[in-house]
1. Of Ala319, Ala301, which residue is surrounded by fewer than 14 Cβ atoms within 10 Å (Cβ to Cβ) and more than 17 Å from the chain's Cα centre (by Cα)?
2. Scanning region 255-274 for residues that are touching a residue at least 40 places away in the same chain (Cβ under 8 Å), of a type outside the set (Lys, Arg) and outside any strand (DSSP E or B), which turns out surrounded by the most Cβ atoms within 10 Å (Cβ to Cβ)?
3. Would region 358-365 turn up any residue that is within 19 Å of the chain's Cα centre (by Cα), in a loop (DSSP other than H, G, I, E, B) and over 30 Å from Asp255 (Cβ atoms)?
4. Have a look at Arg256, Arg296 and point out the one that is modelled with pLDDT of 95 or more and farther than 20 Å from Ala53 by Cβ.
5. So, of the residues in region 187-210 that are β-branched (Val, Ile, Thr) and modelled with pLDDT of 90 or more, which turns out to be farthest from Arg135 (Cα to Cα)?
6. How about region 280-335: which of its residues are in a loop (DSSP other than H, G, I, E, B), over 22 Å from Arg47 (Cβ atoms), touching a residue at least 12 places away in the same chain (Cβ under 8 Å) and touching a strand residue (DSSP E or B) at 6+ places or on another chain (Cβ under 9 Å)?
7. Among Gly70, Gly43, Gly51, which is the only one that is farther than 14 Å from Pro144 by Cβ, buried (at least 21 other Cβ atoms within 10 Å of the Cβ) and either of a type in the set (Gly, Ala, Ser) or modelled with pLDDT under 95 (or both)?
8. Could you please find all residues in region 275-288 being surrounded by fewer than 18 Cβ atoms within 10 Å (Cβ to Cβ) and either at pLDDT 95 or above or over 21 Å from the mean Cα position of the chain (by Cα) (or both)?
Amino acid sequence: MRGRCVLIALLALVTIALAAAPSAGAAPRGFYGLQDWSTPSDGELIRMRQGGAGTYRFALLWPVVEFKRGVRNWAPYDKVVASAAHAGLRMLPVFMGSPRFAASKFQYPPSSRRNKRAFARFMRDAVKRYGRRGRFWRQRRGVPKRPITAWQVWNEPNYPAYWRGRPSVRGYVSMLRSARSAIKKGDRRAKVVLAGLPQTRNRNGSPMTRYLKALYRRRARRLFDVVAVHSYSRNARGVIRTVKRARSVMRRAGDRRKQVWVTEVGWGTAGRANGFSAAYKTTQAGQAAHLTSLYRGFAKARRRLRVGMVVWFSWRDRAPGPGEDNWWAINTGLFDRAGNAKPAWRAFTKVSGGREGLAPAPTGAGPSAPP
């Protein structure tokens, strides 16, 4: 009788283990990424992790650290990095933004040689602070050591708003070259991630496929380790199609071994959406359905397409800024402005194997992502 009870108990344990184990095609936790418009609170970062996210992407803004030339303040990002490390999240920072002394607009790249060198020093010092051998980890013994191992260089340089009104492949290649040198000085094994490239339809912009081809023609292949796309589309099939197009360009350039990361994707549930952007707005139920199709589709195709991560933008809706319209992109959150979960949050936890949690997400504060 006792032996039979032991056998039944063992069979029950095996059944539970098999039920809990990920399937052969399941994606690793770092595959599921999230980003917010501003810095989430400690509680929000923990909830991200418990909800199944493994990667937290955030803008590492030069003007936040060096508002005045030569004067550095790393405290805001020390807090971000410590909080994400405590939550158990992998981090993907995006180097971007220019102080007033370096460019005419915040979202524009530095213009003069002097300012370009200053930006390179900022990147180098960030890697030396938060990378594998970073001094931050030596100084903060109470913080779990989760060094940053991949660094994304700028945001959407093929879109006019982020490159002085008109994209310049030559200018971005120059930035990428100095960025790679700076990053590798801080950590030889660090991955340099290409800026997320949208398949833009802006008449002054350059679609992702055209821009990526031009980068390869400029012999930029050795300057980055990962290709990144921002694939806003009508539906999940359109997102996957964009990745296939990027993969096709890479194959023709002899660069098939590198991964592609989708570092922004999402659908809004409210706000203005005109013209081609009307496809990026849906209902809350539609958002949840798109998210489910997106992650399930990539979970099946990720090995074939060599997709390393998919980052949902954003964590929470935000209010319009001064003079800003209420447009679709500020309503792509998995939570509304009050912190109440939308159906898409439940969908995210289901595809990632996480837990929803019960209370509204607490409000965060800190360095903001660009509009």
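1. Values: Ala301 fails: surrounded by fewer than 14 Cβ atoms within 10 Å (Cβ to Cβ).
Of Ala319, Ala301, the one residue that is surrounded by fewer than 14 Cβ atoms within 10 Å (Cβ to Cβ) and more than 17 Å from the chain's Cα centre (by Cα) is Ala319.
2. Trp267
3. Here is the first cut: in region 358-365, the ones within 19 Å of the chain's Cα centre (by Cα) are 364-365.
Pick out the ones that are also in a loop (DSSP other than H, G, I, E, B) and you get 364-365.
Okay, now just the ones that are also over 30 Å from Asp255 (Cβ atoms), so 364-365.
Among the residues of region 358-365, at least one is within 19 Å of the chain's Cα centre (by Cα), in a loop (DSSP other than H, G, I, E, B) and over 30 Å from Asp255 (Cβ atoms), which makes the answer yes.
4. Just one listed residue meets the conditions, Arg256.
5. Of region 187-210, the ones β-branched (Val, Ile, Thr) are 192-193, 200, 209.
This time we only want the ones that are modelled with pLDDT of 90 or more, so: 192-193, 209.
Working: Val192: 20, Val193: 23, Thr209: 39 Å.
Only one residue tops the list, namely Thr209.
6. Initially, region 280-335 is screened for residues in a loop (DSSP other than H, G, I, E, B), giving 282-283, 306, 314-315, 317-326, 332-334.
Still in the list and also over 22 Å from Arg47 (Cβ atoms): 282-283, 306, 320-326.
Imposing the further condition that a residue be touching a residue at least 12 places away in the same chain (Cβ under 8 Å) reduces the set to 282-283, 306, 321, 324-326.
Across region 280-335, the qualifying residues are Thr282, Arg306, Asp325, Asn326.
7. Working: Gly70 fails: buried (at least 21 other Cβ atoms within 10 Å of the Cβ); Gly43 fails: buried (at least 21 other Cβ atoms within 10 Å of the Cβ).
None of the other options fit; the residue is Gly51.
8. Let us first name the residues in region 275-288 that are surrounded by fewer than 18 Cβ atoms within 10 Å (Cβ to Cβ), namely 275-279, 283-286.
Those that are surrounded by fewer than 18 Cβ atoms within 10 Å (Cβ to Cβ) and either at pLDDT 95 or above or over 21 Å from the mean Cα position of the chain (by Cα) (or both): Gly275, Phe276, Ala278, Ala279, Thr283, Gln284, Ala285, Gly286.
The values are calculated or read from the model by the stated rules, or taken from the named source; none is laboratory data. Please read all numbers here as calculations on a predicted model, not as lab measurements. No Cβ is skipped: glycine too gets one built from the backbone with ideal geometry, and neighbour counts run over all protein chains shown.
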